Amino acid sequence: MFDLLDPIVVEPDKTAARIREYARANPDLRDDQYDGREGTVDGLCYPLAESYYHARGGQASGLEIYCLSWADVRPVDGGTHWYLRDPDRGVWIDLGLKAAADGTHIPYAEGRSRAFMTGYEPSQRARRILTDLRIGVSES
């Protein structure tokens, strides 16, 4: 299980840093609703979490996938937030934040553990990130 106050990390290793830098440099990865946020990781939580998950080995990595529906915690809000949990280290991994301190308002423990929208196969965006960075795509 996890503690509600488990730490948040945004760049747990060099692979995560490379993925985040690639996303900042490629604003076309972002859904249209997040236009105008070039140079940031805003609006990229899904492809960042998914790319890192597969870069670390997919299901064999031991990482857990989480999705928080904002409507579940704030009825006036919509949308979702995707992130990972490393149960071995006891941390939330949120590559979609500028800095870990930006996640203090996110109720990570309220999210649901689940598969990505494409199951355990990389989506087109994740495959693009991993291919362009020459990171092997896990056969999950």
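Panel order for 76, 91, 10, by other beta carbons found within 10 Å of each beta carbon, from fewest to most: 76, 91, 10. Since only 15, 133, 66 are under comparison, the one whose Cα sits farthest along the positive direction of the charge dipole of the chain, derived from C-beta charges on Lys, Arg, Asp and Glu, is 133. Each stretch of four or more DSSP H residues adds -39500 (n - 2.57); spread over every residue of the chain, this sum gives -7500 deg cm²/dmol at 222 nm. Ignoring the sites themselves, what is the longest stretch of the chain with no GluC sites (Glu not before Pro) in a DSSP loop and at most 15 other beta-carbon atoms within 10 Å? Value returned for the longest uninterrupted segment is 39-138. Packing-based ranking of 82-89, 99-106, 66-73 yields 82-89, 66-73, 99-106, ordered from highest to lowest mean Cβ neighbour count within 10 Å. For the range 69-77, the Karplus equation 6.51 cos²θ - 1.76 cosθ + 1.60, evaluated at θ = phi - 60°, returns couplings of 8, 4, 5, 6, 10, 9, x, 7, 9 Hz by residue, with Gly and Pro reported as x.
Note on residue 121 and residue 14: the extension gain reaches 36.2 nm, defined as 0.36 nm multiplied by sequence separation minus the Cα-Cα distance.
Working from Cα pairs under 8 Å separated by at least six residues, relative contact order for the range 8-132 is 32 percent.
Taken about its Cα centre, the range 61-113 carries a charge dipole of roughly 40 debye when the Cβ of each Lys and Arg holds +1 and the Cβ of each Asp and Glu holds -1. The charge dipole of the chain, taken about its Cα centre with unit charges on the Cβ atoms of Lys, Arg (+1), Asp and Glu (-1) only, comes to about 320 debye.
None of the figures in this text is laboratory data; all of them are computed from the coordinates on show. Bear in mind that the values here come from a model prediction, so they are computed numbers and not experimental data. Glycine gets a Cβ as well: all are built from the backbone with ideal geometry, and neighbour counts include every protein chain shown.
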